[in-house]
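Okay, so here's the structure we're looking at.
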Amino acid sequence: VVASLPDQNQVDPEAVIRRIDPLNFDIQERLFACCRELEIQTIDLRPALIAEFEAEGEALYYYADRHLMPRGHEVVASALSEVLGEALKGN
């Protein structure tokens, strides 16, 4: 299983990260395409982080830093455990 952790700008488009413009995120789509081709399961963490950010309005990344705060890690852990728990039930 391959998980992709989104950049802060993908979760909060208004985030200012040390005056760095949002990056080109084609790499994530290429990664997922490659994994589909190789029949490797993927986990896109964007939906979980975006939903939490929009629902709570609370920061999930440190200001201007691009690293997850403890709450962001909780959201990621919950999303991962949900998918991985289902995947491991069959083993």
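No value in this document is a laboratory result; all are computed from the given coordinates. All values derive from a computational prediction rather than experimental measurement. In this analysis, Cβ positions are derived from the backbone assuming ideal geometry, glycine residues included, and neighbour counts consider all displayed protein chains.
Just a few scattered comments:
- Relative contact order (%) - the chain, alpha-carbon pairs under 8 angstrom, separation at least six: 34 percent
- Near the amide H of Tyr61, within less than 5 Å, lie the amide hydrogens of Met69, all on another chain or at least 5 residues away, with H placed in the peptide plane.
- Protection proxy ranking, peptides 1-11, 46-56, average beta carbon neighbours within 10 Å, highest first: 1-11, 46-56
- Extending 7 Å from the Cα toward the beta-carbon at both Ile40 and Ala87 defines two label points whose distance is 1.0 nm.
- Only Lys, Arg (+1) and Asp, Glu (-1) charged, at Cβ; the chain dipole about Cα centre in debye: 260 debye
- Three-way shape label, the chain, alpha-carbon gyration tensor, a/c 1.5: oblate
- Computed E for Ala55/Ala33 - FRET, C-beta separation, R0 30 angstrom, nearest 0.05: 0.50
- Value at 222 nm in deg cm²/dmol, rounded to 500, when DSSP H runs of n ≥ 4 in the chain each add -39,500 (n - 2.57): -16000 deg cm²/dmol
- Whole-Hz ³J(HN,Hα) from phi, Karplus 6.51 cos²θ - 1.76 cosθ + 1.60, for the range 75-88, glycine and proline x: 5, 5, 4, 5, 5, 5, 5, 5, 5, 5, x, 5, 5, 7
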